[in-house]
1. Looking only at region 18-34, which residues are in contact (Cβ under 8 Å) with a residue 24 or more places away in the chain and crowded, with 18+ Cβ neighbours inside 10 Å?
2. Is it the case, given these coordinates, that residue 3 is over 18 Å from residue 121 (Cα atoms), surrounded by fewer than 14 Cβ atoms within 10 Å (Cβ to Cβ), without any contact (Cβ under 8 Å) to a residue 40 or more places away in the chain and out of contact with any strand residue (DSSP E or B) (no Cβ under 6 Å at 6 or more places or on another chain)?
3. Select from region 56-100 the residues that are in a loop (DSSP other than H, G, I, E, B) and surrounded by fewer than 18 Cβ atoms within 10 Å (Cβ to Cβ) and list them in ascending order.
4. Could you check, for region 50-64, whether at least one of its residues is within 20 Å of residue 124 (Cβ to Cβ) and touching a strand residue (DSSP E or B) at 6+ places or on another chain (Cβ under 9 Å)?
5. With (1) in a helix (DSSP H, G or I); (2) free of Cβ contacts under 8 Å to residues at least 12 places away in the same chain; (3) out of contact with any helix residue (DSSP H, G or I) (no Cβ under 9 Å at 6 or more places or on another chain) as the list, and residue 48 as the residue in question, which single condition is left unmet?
6. Which of the numbered conditions does residue 127 fail, given that it passes all the others? Conditions: (1) outside any loop (DSSP other than H, G, I, E, B); (2) under 16 Å from residue 63 (Cα atoms).
7. Anything in region 102-131 that is surrounded by fewer than 18 Cβ atoms within 10 Å (Cβ to Cβ) and either touching a strand residue (DSSP E or B) at 6+ places or on another chain (Cβ under 9 Å) or farther than 16 Å from residue 35 by Cβ (or both)? List them, or say none.
8. Can you find a residue that is out of contact with any helix residue (DSSP H, G or I) (no Cβ under 9 Å at 6 or more places or on another chain) and closer than 21 Å to residue 4 by Cβ anywhere in region 120-132?
């Protein structure tokens, strides 16, 4: 992808996790660790202690890690790969019109509520990719 070094971004996320006593190893369990970190950042955001640029940069870093973990956990086998939206934000897409906007999900989690939990998002995306969601 133009201008984005995704492996380096992921390495930064792994380093951030280590600084917070967590382990990012691209497994589903690491997404629980990511949620703990983001919950803490959400508290800081609610206290007015985070700048918008910090929140966005953290969202990109940890959102790329979330996306890469999704790829390793099955989305790559289903044809997903990294693309950029029209604003240059990395996202996963399968070429059939389906996409996963992990960066935006993380951004909502930091700025929003527990309902935006990234662990639940991770599980939902994998379930949808495996066809476990029923059509209504």
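1. Taking region 18-34 as the starting set, the residues that turn out to be in contact (Cβ under 8 Å) with a residue 24 or more places away in the chain are 24, 26-28, 30-32, 34.
Answer for region 18-34, where residues must be in contact (Cβ under 8 Å) with a residue 24 or more places away in the chain and crowded, with 18+ Cβ neighbours inside 10 Å: 24, 30, 31, 34.
2. Working: over 18 Å from residue 121 (Cα atoms): yes; surrounded by fewer than 14 Cβ atoms within 10 Å (Cβ to Cβ): yes; without any contact (Cβ under 8 Å) to a residue 40 or more places away in the chain: no; out of contact with any strand residue (DSSP E or B) (no Cβ under 6 Å at 6 or more places or on another chain): yes.
Judged against the criteria, residue 3 is not a match.
3. First, the residues of region 56-100 that are in a loop (DSSP other than H, G, I, E, B): 79-80, 85-89, 94-98.
Selection gives 79, 85, 86, 87, 88, 94, 95, 96, 97, 98.
4. To start, the set of residues in region 50-64 that are within 20 Å of residue 124 (Cβ to Cβ) comprises 59, 62-64.
Now narrow it down to the ones that are touching a strand residue (DSSP E or B) at 6+ places or on another chain (Cβ under 9 Å): 63-64.
Yes; the residues of region 50-64 include at least one that is within 20 Å of residue 124 (Cβ to Cβ) and touching a strand residue (DSSP E or B) at 6+ places or on another chain (Cβ under 9 Å).
5. Of (1) in a helix (DSSP H, G or I); (2) free of Cβ contacts under 8 Å to residues at least 12 places away in the same chain; (3) out of contact with any helix residue (DSSP H, G or I) (no Cβ under 9 Å at 6 or more places or on another chain), only one is false for residue 48: (1).
6. (2)
7. Those that are surrounded by fewer than 18 Cβ atoms within 10 Å (Cβ to Cβ) and either touching a strand residue (DSSP E or B) at 6+ places or on another chain (Cβ under 9 Å) or farther than 16 Å from residue 35 by Cβ (or both): 104, 127, 128, 130, 131.
8. Filtering region 120-132 down to residues out of contact with any helix residue (DSSP H, G or I) (no Cβ under 9 Å at 6 or more places or on another chain) leaves 124, 127-128, 131.
After this cut, where a residue has to be closer than 21 Å to residue 4 by Cβ as well, the list is none.
Looking through region 120-132, none of the residues is out of contact with any helix residue (DSSP H, G or I) (no Cβ under 9 Å at 6 or more places or on another chain) and closer than 21 Å to residue 4 by Cβ.
Read-outs throughout are calculated quantities, based only on the coordinates presented, and are distinct from any laboratory measurement. Bear in mind that the values here come from a model prediction, so they are computed numbers and not experimental data. Heads up, the Cβs are rebuilt from the backbone with ideal geometry, glycines too, and the neighbour counts pull from every protein chain shown.
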